[in-house]
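Single-structure report; data block below.
The values are calculated or read from the model by the stated rules, or taken from the named source; none is laboratory data. Everything quoted here is computed from the prediction, not taken from an experiment. FYI the Cβ positions are ideal-geometry reconstructions off the backbone, even for glycines, and counts take in every protein chain you see. Each accessible area value is taken on the protein alone, full model and side chains, heavy atoms only, with ligands, DNA and RNA left out. Shrake-Rupley method; radii C 1.70, N 1.55, O 1.52, S 1.80 Å.
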Amino acid sequence: MQQAIPDIRKTVKQNQPLIHCITNPISINQCANAILAIGARPMMAEHPKEVSEITRTARSLMLNLGNITDARVESILISAKIAREQNIPFLLDAVGIACSTLRREYVKELLNTAMPTVIKGNYSEIQALYRDSYHSSGVDADSRLDIHTIDHAAISIARNLQTIIMASGKVDIVTDGNRLYHIHNGTPQLSQITGTGCLQGALCASYLSAKPGIEAVITGCTVLGICGELAQTDLGTGTFLCGLLDALSTLKDAEIERYLKLEEINIEKI
């Protein structure tokens with residue numbers, strides 16, 4: 001798995017793929033800059049009358065449920081259908097489904113329409129996708145949820161839906177139902193900047209353009225986590241954000257090899 005990361009990063013830099021993102025205005029600038037920093041090209045079109053055309057030209061697609069509007073609800077479904085018809089890999093970031101019935105029901109509709117290549121969420125969002133009775137407050141992850149609980153939920157969803165599940169948290173969890181990985185990279189400062197979860201989704205979607213599988217998701221998670229570690233600072237969150245973008249644009253394979261904290265878990269013991 002570790003050997004795939006440099007190849008995926010190199011492919012993105014060489015091909016400069018177009019990544020179509022329908023995301024929220026809170027994080028749109030950070031997502032676009034992160035995609036540029038790793039060598040890809042962002043397109044943030046979201047009008048329902050143009051997203052079909054735009055998605056067809058993209059190498060991968062990111063769909064993010066943050067800050068839902070009527071227009072984005074319509075556009076996301078259109079783009080998801082086109083992506084599936086054209087075999088374009090896409091990631092769905094299920095933001096807020098643990099605290100909103102509207103979002104939860106919308107995700108069910110979307111999954112019945114076009115299954116994403118990857119479903120991403122924090123621990124609470126993945127637990128809500130697994131268990132209808134689960135609810136939480138706001139879009140932050142519930143600190144009471146432990147890794148073992150989310151491992152079980154993520155594996156079950158991945159097997160049931162035949163897709164990749166990525167649960168973000170202090171330890172990122174990635175599984176396709178057959179393999180399970182824990183990524184221990186990162187820093188608490190990432191949670192002090194709004195939109196870093198969306199940024200993580202943008203990175204994973206970008207790397208899906210090079211290799212539409214679990215390796216791309218792991219690459220996105222490890223790149224963000226390591227760059228967060230490299231950007232840590234006592235100077236404040238603004239300086240940290242600038243440092244994060246700098247690290248994303250200058251990250252070397254040797255730094256990944258040095259700092260990578262990737263653990264493969266025996267799925268039979270879960």
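Couple of notes before you dig in:
- When the P(r) is computed for the chain, the part past 35 Å accounts for 7% of the Cα-Cα pairs.
- The mean sequence distance of close C-alpha pairs (under 8 Å, at least 6 residues apart), as a share of the length of segment 74-132, puts its relative contact order at 42 percent.
- Ranked packing of 222-228, 179-185, most packed first, by mean Cβ within 10 Å: 222-228, 179-185
- For the chain, hydrophobic long helices are taken as DSSP H runs at least 15 Å long by C-alpha position along their axis with mean Kyte-Doolittle hydropathy of 0.5 or more; these are 147-161, 196-208, 214-231, 237-250.
- Comparing mean-square fluctuations of Ala167, Ala45, Ala154 from a GNM of the chain with C-alpha springs under 10 Å, the top value falls on Ala45.
- Among the lysines of the chain, pairs that are 8 or more positions apart or on different chains and have alpha carbons within less than 25 Å of each other number 25.
- Inter-part distance, segment 15-32 to segment 202-264, computed on C-alpha centroids, equals 16 Å.
- Relative contact order [Cα under 8 Å, 6+ residues apart], segment 156-270, whole percent: 28
- Taking segment 1-140 and dividing mean pair separation by its residue count, relative contact order in percent (alpha carbons under 8 Å, at least six apart): 20
- Judged by the mean number of other Cβ atoms found within 10 Å, the most tightly packed of the peptides 59-65, 124-130 leads the ranking 59-65, 124-130.
- Peptides 80-90, 112-122 ranked from most to least packed give 112-122, 80-90, packing being the mean of other C-beta atoms within 10 angstrom over each peptide's residues.
- Where the chain is the region considered: accessible area per residue in Å², 1.4 Å probe: 43
- In order through segment 52-62: 3J(HN,Hα) via Karplus (6.51 cos²θ - 1.76 cosθ + 1.60), integer Hz, x for Gly, Pro: 4, 5, 5, 4, 4, 8, 8, 8, 7, 9, 10
- Per-pair calculated FRET efficiency, R0 = 25 Å: Asn160 and Lys81 via Cβ, rounded to 0.05: 0.70
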